[in-house]
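First the structure, in the form of structure tokens, and then the observations on it.
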Amino acid sequence: MKRIRWIAFTTLIVLSLSLLILSPLGIQPVSASVIKNGFAQSGTVIASANVVPTQVTHLSFTISGRVKEVLVSKGDKVTAGQTLITLDSTELETAVQLATAKREVTFAQWEYQLQPRRSQLPEDRVFAKARLDQSDAQIEIAKLRLAEATLLSPIDATVISVDVKPGETVDVAQVVVTIATLDKLQVETKDLSERDVTRVQVGQTATVSVDALNEEFTGKVTAISPIWNTIGGDVVFKVTIALDEQPAGLLWGMSTEVTISE
């Protein structure tokens, strides 16, 4: 027992002397949180990440109906405003025609009221004008409903999936096409801890290492998610990094390691 106490006492003295010697020299122990692969990484934050498109859009109709045409396939590149899918619009086209015919009748009544007559009352013209305005509004509404039967691409992108076929019935808000900007990729962290996220700010520089390409690329932090997630019981936050250049061969889903400089 005395021998054990003597060893413990001796160890304590050695540690105390080490601190006395190192402190005047400005040498401090390296924190374990900034060591990776045996090398000190002072002033950096390291996290695992994945390559993702800058925008992924799930498209749906605002009305229900039967699919008439599917004009794109998986892998197609589309431009903003391009027609992707159309619904059977027979009834909607008929509604526009009826509204237009009704407007013609109303306009004729309006012209009749403009002609001077002894029996004409001032309010007759007011009522005729109100009916004409109502007919114009009904035409616009019918045209808007007709336009809803055509699904357009909101952005330049690549078709990731097409989930309907001609003849199938779709419901309101049912996803029928998914598109993504595969030519504009970014990186999102997946395991950045709550301890490290406090050291990250928008605008900081980052180095992205892509194992599949055996290359490193530079970028900047563009967003820090305010919404937490959990991995294995640990709280993590997503940080988005925009690449300075779009590397050749970079693909959606590739694994990366991100080093963010403070």
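What to note about this one:
- Its Kirkwood hydrodynamic radius, worked out from the mean inverse distance over all distinct Cα pairs, puts the range 72-152 at 15.4 Å.
- Rh (Kirkwood; distinct C-alpha pairs) - the range 37-114, Å: 19.1 Å
- Sulfur and carbon atoms: percent of accessible area, the range 170-240 [1.4 Å]: 49 percent
- Here the average projected area of the convex hull drawn through the C-alpha atoms of the range 170-244 stands at 7.7 nm².
- Magnitude of the charge dipole, the range 184-262, Cβ model with Lys/Arg +1 and Asp/Glu -1, debye to 20: 280 debye
- Of the trypsin sites (Lys or Arg not before Pro) found in the range 115-197, those that fall in a DSSP loop while having at most 12 other beta-carbon atoms within 10 Å are 117, 118.
- With all projection directions averaged, the alpha carbon convex hull of the range 82-221 covers 17.0 nm².
- Rounded accessible area per residue of the range 85-235, 1.4 Å, Å²: 62 Å²
- Across the range 116-178, the convex hull enclosing all Cα atoms gives 157 Å³ per residue.
- Reachable lysines from residue 184, criterion Cα separation under 30 angstrom, eight or more residues apart if same chain: 74, 77, 165, 220, 238
- Sparse packing (at most 13 other Cβ atoms within 10 Å of the Cβ) combined with a DSSP loop state is found for the following GluC sites (Glu not before Pro) in the range 146-202: 168.
The values are calculated or read from the model by the stated rules, or taken from the named source; none is laboratory data. Keep in mind that this is a model prediction, so the values were computed, not measured. Backbone-built Cβ (ideal geometry, glycine too); neighbour counts: all protein chains shown. Protein only, heavy atoms only, side chains kept; ligands, DNA and RNA dropped before computing areas. Shrake-Rupley method; radii C 1.70, N 1.55, O 1.52, S 1.80 Å.
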